[in-house]
Amino acid sequence: MILQVSSLCTYYGQSQALFNVNLTIEAGQVAALLGRNGMGKTTTIHSIMGIRTASTGSIQYQGAEISKLASFSIAKLGLGLVPEGRQIFPNLTVRENLVATASNRLGKTNPWTMERVLTMFPSLASRISSMGNLLSGGEQQMLAIGRALMTNPNLLILDDATEGLAPLVRQDIWNALQELKEEGMSILIVDKNLNDLITLADTMTVIEKGVTVWSGDTGTFTREGWVQEKYLSI
Amino acid sequence: MRWFSIVLLLILAIVPPVAFITGHAFWMDLFTRLVVLAIAAVALNLILGYGGLVSFGHAAYLGLGAYAVGIPVYHATYGGFDSIASYNGFVHLGIAIAVSAVYALVTGAISLRTRGVNFIMITMAFGQMIFYAIVSLETYGGDDGLTIDVRSEFPGINLDNPLALYGLCYGSLVLVLYLVYRISNSRFGLTLQGARSNEERMRAIGVDCYRYRLTAYVISGVICGYAGFLLGNFTTFISPEMMDWTRSGEIMFMVILGGATYLCGPVIGALVFILLEHLLSEITVYWHLPFGLLLIASVLFLRGGLAGALSNPPWFRKDRSSALASDTSTAASGTATKAPTRADDDV
């Protein structure tokens with residue numbers, strides 16, 4: 001098990017956002033976190049990454065408690081975040097975005113390099129000297145994934161992985177994630193495209209109003225249609 | 001911008017020595033002061049332009065560097081404090097760098113735990129603290145200041161010769177520009193610039209932004225302290241006035257006027273600032289008024305300062321509205337997004 005979140009509660013000031021989130025990700029698996037807007041998916045990810053400190057509950061990464069660590073310490077342990085809205089550095093070029101924070105702290109034998117990232121996302125190669133704020137949404141998302149991969153994480157976390165992207169670009173992203181899965185990368189993903197998630201993910205976790213209401217493997221999720229109807233339909 | 005920077009550095013290399021040789025010593029003095037302040041402005045730009053840290057206390061480093069010359073010379077001349085009494089330039093330089101580094105480390109370690117207006121105020125408070133500490137030191141002239149009887153002595157260089165002193169200052173400026181260029185294009189510098197645009201994101205990638213900023217702050221302080229060492233040797237008179245917060249404001253204005261995030265921006269800012277100050281004061285005794293109005297106009301209308309206007313002239317802009325949207329003039333807020341030009345384009 002690479003990540004285990006148990007009874008997670010998180011507040012924004014006096015306002016409680018997460019009440020009881022439970023989530024488990026096995027090494028090498030892809031886990032999807034589902035829920036309607038405002039149910040706490042991003043807060044869960046922010047809590048895991050230490051961007052928003054968890055009030056109570058436990059977040060264990062490879063058996064070690066990380067819920068009270070600073071976000072940069074958590075990232076150094078091998079968690080790579082592709083945040084909602086991409087958040088690439090607008091004042092750096094594509095190349096600079098990739099190399100500025102590149103590292104192989106875990107000493108991986110076949111680390112991610114700029115060449116590997118550009119092979120995975122060829123459209124970035126032609127924009128290598130462009131400033132981050134001059135990229136299209138799809139290119140920014142590719143860059144955000146590439147930047148996270150360049151830190152050579154054990155667990156890649158994607159928040160709204162394909163939000164606002166054109167269908168063709170979206171497909172490129174799903175193909176890249178499939179490729180990463182086949183390479184054995186552990187992934188936690190939040191996205192609204194359920195059909196693509198069902199194709200990619202091994203397990204599903206559904207949260208409703210800050211509480212985990214369902215979790216299980218993807219096969220069971222697709223068979224139990226009531227879960228989608230009750231917790232995900234609009 | 002690259003060619004303009006090269007031309008600017010060539011002008012600075014040629015004009016003052018020629019003016020001196022042809023008997024116009026005043027211009028040599030003016031340009032020496034200009035080059036020294038340009039070094040201080042380039043140092044400030046490292047944290048302001050690249051790091052988004054608006055320090056309002058950088059004049060303290062100028063004073064510390066200058067007193068690192070004045071105090072050893074004072075004791076070498078009048079006795080006492082044998083451990084530092086010296087005319088040796090290397091001793092002065094060593095003290096200037098060491099004191100600036102320690103001061104920057106201590107004040108930076110505290111100041112960098114704050115942000116925005118609080119950071120501005122705390123750096124100004126530290127600067128004023130040093131200002132009043134020096135005022136209280138009557139041994140070294142207190143408020144009246146201290147005359148440096150002998151300039152720093154280096155083997156093979158006589159700093160009493162204005163040409164040699166200018167050569168040292170100019171060479172230092174070129175070296176400092178090269179150093180800042182290398183820093184800003186290193187992974188350290190890129191991380192610093194990334195943290196300026198999105199600190200939270202940078203932390204989530206595994207970067208402890210505080211350590212990066214502190215390192216940049218210390219480097220900036222040391223360079224500024226070195227500028228103070230040169231300033232002390234140039235003026236041969238030092239007083240707490242050179243560490244006043246208004247002097248910090250002047251250095252900051254040179255950076256913003258010239259163009260923060262542009263390598264040569266602070267040099268252009270220092271050049272225009274000093275020349276305008278001189279030319280307007282020739283015209284009227286009330287020169288502060290037109291000077292202030294010109295500076296306000298430059299901030300309001302020059303996108304990215306003078307360097308920004310030179311690298312992307314308003315009459316060449318294809319899309320004026322988008323250009324304005326990506327204005328860099330909010331660099332001082334620390335949250336600026338940058339125009340589609342690079343800081344290192346001017347190298």
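In the stretch B:15-244, the alpha-carbon atoms span a convex hull of 124 Å³ per residue. Shown here are the Rg and Dmax of the Cα trace of the stretch B:162-290, at 17.6, 56 Å. In the stretch B:176-222, burial by the other protein chains removes 50 Å² or more of accessible area from B:ARG187, B:LEU190, B:GLU200, B:ARG201, B:ARG203, B:ALA204, B:ILE205, B:GLY206, compared with the chain on its own (1.4 Å probe, ligands and nucleic acids ignored). Projecting the Cα atoms of B:SER111, B:SER197, B:ILE71 onto the charge dipole of the stretch B:15-244, computed from C-beta unit charges around the Cα centre, puts B:SER197 farthest toward the positive end.
For chain A, report the accessible area per residue in Å² (1.4 Å probe, heavy atoms, rounded to an integer). Let's see the in-between values first.
Numbers: 9260 Å² over 234 residues.
Value returned for chain A: 40 Å² of accessible area per residue.
For chain B, complete DSSP H runs whose alpha carbons reach 24 Å or more along their own long axis and whose mean Kyte-Doolittle score is -1.0 or higher are B:2-21, B:25-48, B:59-78, B:89-111, B:116-135, B:162-185, B:209-235, B:265-283. Counting only protein heavy atoms and a probe of 1.4 Å, the accessible surface of the stretch B:55-107 is 74% carbon and sulfur.
Evaluate E = 1/(1 + (r/R0)^6) for B:ASP208 and A:THR56, where r is the Cβ-Cβ distance and R0 equals 30 Å; express this FRET efficiency to the nearest 0.05. Mind showing how you got there, number by number?
Values: r = 26 Å, r/R0 = 0.87.
My answer for the efficiency is 0.70.
A simple charge model with +1 on the Cβ of Lys and Arg, -1 on the Cβ of Asp and Glu and nothing else charged puts the dipole of chain B at about 1540 debye relative to its Cα centre.
Separation of the stretch A:101-115 and the stretch A:47-78, taken as the distance between their Cα centroids, equals 22 angstrom.
Work out how much length B:LEU175 to B:LEU279 would gain on full extension: take 0.36 nm times their residue separation and subtract the Cα-Cα distance, in nm to one decimal.
On the way: separation 104, 0.36 × 104 = 37.44 nm, distance 2.91 nm.
Gain in length upon complete extension: 34.5 nm.
For chain B, the relative contact order works out to 31 percent when only alpha carbon pairs closer than 8 Å and six or more residues apart are counted. In the context of the full set of protein chains, residues of chain B present 41 Å² of accessible surface per residue (probe radius 1.4 Å, heavy atoms only). Distance from the Cα centroid of the stretch B:5-43 to that of the stretch A:119-150 is 44 Å (rounded to whole angstrom). Sequence gap at least 6, Cα distance under 8 Å: using those rules, report the relative contact order of chain A to the nearest whole percent. After rounding, I find 28 percent. Expressed as a whole percent, the accessible surface of chain A that belongs to carbon and sulfur atoms is 50, based on a 1.4 Å probe.
Remark: accessible area buried at the A-B interface is about 2200 Å², both chains counted, probe radius 1.4 Å. Loop-resident chymotrypsin sites (Phe, Trp or Tyr not before Pro) (DSSP state other than H, G, I, E or B) in the stretch B:26-97 with no more than 16 further Cβ atoms inside 10 Å of their Cβ: B:PHE81, B:TYR87. Name the shape class, rounded, prolate or oblate, that the alpha-carbon gyration tensor gives for the protein assembly as shown, where a ≥ b ≥ c are the square roots of its eigenvalues, rounded holds for a/c under 1.5, and otherwise prolate holds if a/b is larger than b/c and oblate otherwise. Prolate, since a/c reaches 1.5 and a/b exceeds b/c.
Using the empirical formula 2.2 N^0.38 Å as the baseline, the Cα radius of gyration of the stretch B:107-223 reaches a ratio of 1.44.
Of the trypsin sites (Lys or Arg not before Pro) found in the stretch B:190-261, none is in coil by DSSP with at most 14 other Cβ atoms within 10 Å of its Cβ.
The distance between label points at A:SER129 and B:LEU8 comes to 2.2 nm (points 7 Å beyond Cα on the Cα→Cβ vector). Counting lysine pairs in the protein assembly as shown that sit 8 or more residues apart in sequence, or on different chains, and whose Cα atoms lie under 20 Å apart gives 12.
The values are calculated or read from the model by the stated rules, or taken from the named source; none is laboratory data. What you are looking at is a predicted structure, and each value in this text was computed from that prediction instead of being measured. With ideal geometry, Cβ positions are generated from the backbone for all residues, glycine too; neighbour counts draw on all protein chains shown. All accessible areas refer to the heavy atoms of the entire protein, side chains included, with ligands and DNA or RNA removed. Shrake-Rupley method; radii C 1.70, N 1.55, O 1.52, S 1.80 Å.
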